[in-house]
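Chemist: Dropping a structure here in structure tokens format, bear with me for questions.
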Number of protein chains: 2
Amino acid sequence: MTYCVAMRLKQGLVFASDSRTSAGVDDVSVYSKMHRFETSPDRLLVLLSAGNLATTQAVNSQIERDLGNPEITRDLNGFSHLDEVAAYVGEISARVQGIYTEQSEQNGFGASFILGGQIGDLPADIFLVYPAGNYIAASRDKPFLQIGETKYGKPILDRIIEPDTSLERAGRCALVSMDASMRSNLSVGPPIELLLYKAGSLDHGIYHRFDENDDYLQRLSQAWSDGLKELFMKLPRFDWEGD
Amino acid sequence: MTYCVAMRLKQGLVFASDSRTSAGVDDVSVYSKMHRFETSPDRLLVLLSAGNLATTQAVNSQIERDLGNPEITRDLNGFSHLDEVAAYVGEISARVQGIYTEQSEQNGFGASFILGGQIGDLPADIFLVYPAGNYIAASRDKPFLQIGETKYGKPILDRIIEPDTSLERAGRCALVSMDASMRSNLSVGPPIELLLYKAGSLDHGIYHRFDENDDYLQRLSQAWSDGLKELFMKLPRFDWEGD
């Protein structure tokens with residue numbers, strides 16, 4: 001499993017992903033699930049991936065190969081709208097899965113993606129690409145998308161993330177959401193990658209990779225944990241309780 | 001779906017359950033999922049249920065019928081250990097599911113249960129009964145069990161619940177866990193039933209049913225929500241941020 005989250009805010013975009021992959025509990029590895037494509041000065045594209053590792057790697061390589069192939073114009077740099085890129089990613093993903101599903105009649109090759117970024121003057125945006133290749137945008141009121149092991153980390157996003165939330169605060173919320181997922185599910189693990197992208201900048205944003213022992217990550221996690229316990233102690237008592 | 005949680009603490013047991021059942025989004029009802037059996041002065045037994053409503057109702061009625069049948073000695077009052085009761089519940093549940101699975105070749109009749117209580121001088125305990133009829137006890141370090149839509153409400157239990165947690169604090173934690181589940185999943189809904197049972201008392205404990213507009217539930221939910229937002233604002237800032 002995996003956990004990735006992306007947010008679309010007025011100030012820009014936030015991406016976070018864990019790095020644990022597991023094909024069984026005795027085959028656990030570290031792979032980045034955040035792929036940044038800075039292929040042309042007019043666009044920034046980020047792809048987060050969850051699901052079958054062979055599929056997600058094949059999709060990323062195909063995208064890279066298309067970019068380097070002078071005979072192909074249908075590549076990341078050829079699209080003028082972000083949702084065309086989402087359709088393109090979905091198409092490659094479905095095709096890759098199709099090859100192996102036909103051959104083996106097994107399943108389990110599925111993969112999900114979050115594509116986010118900005119092209120030229122168009123608004124920065126994020127899309128979730130399903131294993132079938134179809135895709136959706138984030139909603140206006142809850143402007144975040146998740147893939148992988150999504151449930152443990154969702155309640156805090158539901159409470160905190162709004163279109164007006166600042167990039168830094170949203171980034172902290174992504175880390176707290178990741179912390180909840182790592183505590184409750186062994187298949188989500190560090191390093192955590194975090195990318196904050198300021199809308200309109202078309203630069204590579206603020207990127208940070210937090211290792212397990214990262215000082216900031218530990219301080220954040222501790223402050224959150226201590227704060228929750230303290231808050232919990234102050235909750236209103238039942239009517240039948242003494243003081 | 002449903003969400004139920006039970007805890008086994010040094011002070012006693014805590015049970016909480018929601019009341020929403022849905023057979024599709026246009027067929028949503030309110031049913032209690034907490035069944036208390038106070039059938040004999042030497043024991044208190046509580047059964048929380050999740051899954052197919054026809055199955056869980058059939059299991060509860062069969063238990064009641066066995067109790068009223070003078071020809072049957074294998075009933076709730078006949079067991080001297082709680083884990084025998086868990087096996088008995090699992091047996092009835094598997095049998096009920098078997099009837100319909102054979103007839104229709106469909107599936108979806110599965111149900112899970114949490115059985116908790118105390119018999120005589122033996123320790124109070126809780127068990128999770130799986131759809132297949134087998135069952136497990138709570139672990140020593142994480143002394144809670146959940147059934148139904150369990151993930152959203154798990155992180156706060158992981159952080160707060162320990163064997164030493166007081167009954168009232170654990171009860172509040174169950175309500176906060178329920179609140180997180182209701183916010184993130186439409187299939188979990190009020191009224192919320194809460195039962196606090198003091199170990200060794202063999203009485204019917206402190207029972208409360210919180211409607212949607214219950215004053216305490218609203219104050220608790222508001223205090224938690226406000227406190228989380230406040231806590232969030234105080235989290236350590238990134239190194240690159242100003243003050």
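Chemist: A:Ser166 - would you say it is more than 30 Å from A:Val28 (Cα to Cα), polar (S, T, N, Q) and either modelled with pLDDT of 95 or more or open to solvent by less than 30 Å² (accessible area, probe 1.4 Å) (or both)?
Modeler: Numbers: more than 30 Å from A:Val28 (Cα to Cα): yes; polar (S, T, N, Q): yes; either modelled with pLDDT of 95 or more or open to solvent by less than 30 Å² (accessible area, probe 1.4 Å) (or both): yes.
Spelling it out, A:Ser166 is indeed more than 30 Å from A:Val28 (Cα to Cα), polar (S, T, N, Q) and either modelled with pLDDT of 95 or more or open to solvent by less than 30 Å² (accessible area, probe 1.4 Å) (or both).
Yes/no per residue for (1) of a type in the set (Ser, Thr, Tyr); (2) surrounded by fewer than 24 Cβ atoms within 10 Å (Cβ to Cβ); (3) under 19 Å from B:Ile126 (Cα atoms):
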{"site": "B:Ala6", "(1), (2), (3)": "no, no, yes"}
{"site": "B:Ser17", "(1), (2), (3)": "yes, no, yes"}
{"site": "B:Val28", "(1), (2), (3)": "no, yes, no"}
{"site": "B:Arg36", "(1), (2), (3)": "no, yes, yes"}
{"site": "B:Ser49", "(1), (2), (3)": "yes, no, yes"}
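Chemist: Go through A:Leu228, A:Leu202, A:Leu186 for me and flag whichever is under 14 Å from A:Asp18 (Cα atoms) and either within 8 Å of chain B (Cβ to nearest Cβ) or not in a helix (DSSP H, G or I) (or both).
Modeler: Every option except A:Leu186 fails the conditions.
Chemist: A follow-up question, please. Looking at (1) modelled with pLDDT under 95; (2) polar (S, T, N, Q); (3) more than 24 Å from B:Asp239 (Cα to Cα), find the lone condition where A:Asn213 falls short.
Modeler: (3)
Chemist: Name the single residue, out of those in segment A:205-225 being open to solvent by less than 20 Å² (accessible area, probe 1.4 Å) and over 30 Å from B:Ala170 (Cβ atoms), that is farthest from the other protein chains (Cβ to nearest Cβ).
Modeler: A:Phe210
Chemist: Follow-up question, since we're still on this one. Look at segment B:116-154 and say how many of its residues are within 11 Å of chain A (Cβ to nearest Cβ) and either open to solvent by less than 20 Å² (accessible area, probe 1.4 Å) or among the basic types (Lys, Arg) (or both).
Modeler: Residues meeting the conditions: 5.
Chemist: Then there's this: Among the numbered criteria (1) of a type in the set (S, T, N, Q); (2) open to solvent by less than 20 Å² (accessible area, probe 1.4 Å); (3) at pLDDT below 90, which one does A:Asn185 miss?
Modeler: Just one mismatch for A:Asn185, condition (2).
Chemist: Can you go through A:Glu84, A:Glu71 and tell me which one is under 24 Å from A:His204 (Cβ atoms), out of contact with any helix residue (DSSP H, G or I) (no Cβ under 6 Å at 6 or more places or on another chain) and not β-branched (Val, Ile, Thr)?
Modeler: On the way: A:Glu71 fails: under 24 Å from A:His204 (Cβ atoms).
Of A:Glu84, A:Glu71, the one residue that is under 24 Å from A:His204 (Cβ atoms), out of contact with any helix residue (DSSP H, G or I) (no Cβ under 6 Å at 6 or more places or on another chain) and not β-branched (Val, Ile, Thr) is A:Glu84.
Chemist: For segment A:94-111, does any single residue satisfy the condition of being among the β-branched types (Val, Ile, Thr), under 24 Å from A:Pro143 (Cα atoms) and buried (at least 17 other Cβ atoms within 10 Å of the Cβ)? Spell out the reasoning first.
Modeler: So in segment A:94-111, the residues among the β-branched types (Val, Ile, Thr) come out as A:96, A:99, A:101.
Narrowing further to those that are under 24 Å from A:Pro143 (Cα atoms): none.
No, segment A:94-111 contains no residue that is among the β-branched types (Val, Ile, Thr), under 24 Å from A:Pro143 (Cα atoms) and buried (at least 17 other Cβ atoms within 10 Å of the Cβ).
Chemist: List the number of the failed condition for A:Ser61; all other conditions in (1) within 19 Å of the chain's Cα centre (by Cα); (2) surrounded by 13 or more Cβ atoms within 10 Å (Cβ to Cβ) hold.
Modeler: Single failed check for A:Ser61: (2).
Chemist: Looking at segment A:158-174, which of the residues that are more than 9 Å from every other protein chain (Cβ to nearest Cβ) and in a helix (DSSP H, G or I) is nearest to A:Cys4 (Cα to Cα)?
Modeler: Only one residue fits best here, namely A:Ala174.
Chemist: Okay, next question. Kindly indicate whether A:Gly110 is farther than 27 Å from A:Gln11 by Cα and touching a Pro at 6+ places or on another chain (Cβ under 6 Å). Walk me through it before giving the result.
Modeler: Details: farther than 27 Å from A:Gln11 by Cα: yes; touching a Pro at 6+ places or on another chain (Cβ under 6 Å): yes.
When the stated conditions are applied, A:Gly110 passes them.
Chemist: Output the residue which, of all residues in segment A:189-199 that are under 22 Å from A:Lys154 (Cα atoms) and more than 10 Å from chain B (Cβ to nearest Cβ), is surrounded by the most Cβ atoms within 10 Å (Cβ to Cβ).
Modeler: A:Tyr197
Chemist: While we're on this one: All but one of (1) assigned to a strand (DSSP E or B); (2) within 18 Å of B:Val30 (Cβ to Cβ) hold for B:Gln146, so report the exception by its number.
Modeler: Going through the list (1) assigned to a strand (DSSP E or B); (2) within 18 Å of B:Val30 (Cβ to Cβ), B:Gln146 breaks only (2).
Chemist: The conditions are (1) open to solvent by 40 Å² or more (accessible area, probe 1.4 Å); (2) of a type outside the set (Phe, Trp, Tyr); (3) over 14 Å from B:His208 (Cα atoms), and B:Thr55 fails exactly one of them. Which is it?
Modeler: Unmet for B:Thr55, out of (1) open to solvent by 40 Å² or more (accessible area, probe 1.4 Å); (2) of a type outside the set (Phe, Trp, Tyr); (3) over 14 Å from B:His208 (Cα atoms): (1).
The values are calculated or read from the model by the stated rules, or taken from the named source; none is laboratory data. Fair warning: this is a prediction, and the values are worked out from it, not measured in the lab. Every residue, glycine among them, receives a Cβ derived from its backbone with ideal geometry; neighbour counts consider all protein chains shown. Calculation scope for accessible area: heavy atoms of the full protein, side chains included, ligands and nucleic acids excluded. Shrake-Rupley method; radii C 1.70, N 1.55, O 1.52, S 1.80 Å.
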